[in-house]
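Engineer: Below is a structure I'd like to ask you about.
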Amino acid sequence: MTAIDILVLVMVGLAGGFLAGMLGVGGGIVFVPVIRQVLYNHHIGEDTVAYTMANSLAIIFAVGISGTYKQLKLKNTHLPSAIVTGVSAIVTSFTISYLIRYFNWHNEKIFNIIFAIILVFTAIRMIASIKGNLNEDNKAKVPPLIKFVPAGLFAGSVTAISGLGGGVVLVPYFNKILKLPIKFSTGLSLSAIPIIALPLLLFYGFNDPKQLVVQDWQTGFLIWPFLLPVIFGAMLASGFGVRFAHTLKPQTIAIIFITFIILTLVKIMMF
């Protein structure tokens, strides 16, 4: 790997980390296509999905930890709610990941169609409410913890199948269903992401691939020469993304998030 390769990967991490910190998402929309491009020339066949998920989740986990630290300092999250969301997500994410790994049932095209419909519906609802109930009162009235369980179950499914981290569904759920301020919703989503990602990360890290990408520089499916530069950039930028979001109006964040949803739609239609 050349110095230019490392610089490019750091820049990828900076972009994804900033996006994750600003919107409370995992940044998978940036990381997943890059990971697939890295894997393209290695012809690893049926392990491609596992490699993509593993390395995307490793970056998402690091970004989530870094961003959550900043959100806690800003008092813009609620750890009990994040824990309930994350633990609920583990149930579906681990189950689905196990089934994908050991049973050949995952039809990405069908999932992409279903996920695209959900994203379109989410975008329409957010567009309709931009002039409505996006008032930003950071003294959020957190609802009963049981109401965070459905969000976690769905986010876990999305994470396991797409590698996107779950934030793309968590933020709209918190904001539109639970009526939490959008800035608080992004902070809460970001805090749940590392909890969601960790069990899957351990799962892929302790399973052996059929084909290695880099000899002696892998832990299970985790490719360290690729991961380390991206994680460095992502963790460096996530805090800046969090701080930047707190300078924006709620409507601006909503518009940026809608743009993110549209880009996600483009991404899933391309793969």
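The values are calculated or read from the model by the stated rules, or taken from the named source; none is laboratory data. Since the model is a prediction, treat every value here as computed from it, not as a measurement. We place every Cβ from the backbone using ideal geometry, glycine too, and count neighbours over all the protein chains shown. Protein only, heavy atoms only, side chains kept; ligands, DNA and RNA dropped before computing areas. Shrake-Rupley method; radii C 1.70, N 1.55, O 1.52, S 1.80 Å.
Residue-by-condition table, conditions (1) among the hydroxyl-bearing types (Ser, Thr, Tyr); (2) assigned to a helix (DSSP H, G or I); (3) open to solvent by less than 20 Å² (accessible area, probe 1.4 Å):
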| site | (1), (2), (3) |
| --- | --- |
| 5 | no, yes, no |
| 8 | no, yes, no |
| 32 | no, yes, yes |
| 54 | no, yes, yes |
| 82 | no, yes, yes |
| 88 | yes, yes, yes |
| 97 | yes, yes, yes |
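Engineer: Still on this structure, I have one more. Among residues belonging to the range 122-156 that are hydrophobic (A, V, I, L, M, F, W, C) and assigned to a loop (DSSP other than H, G, I, E, B), point out the one that is modelled with the highest pLDDT.
Structural biologist: 142
Engineer: Under 8 Å between Cβ atoms, at least 6 apart or on separate chains: pull out the pairs that start in the range 222-235 with a residue that is free of Cβ contacts under 8 Å to residues at least 60 places away in the same chain and end on any residue that is open to solvent by 30 Å² or more (accessible area, probe 1.4 Å) and of a type in the set (A, V, I, L, M).
Structural biologist: 224/214
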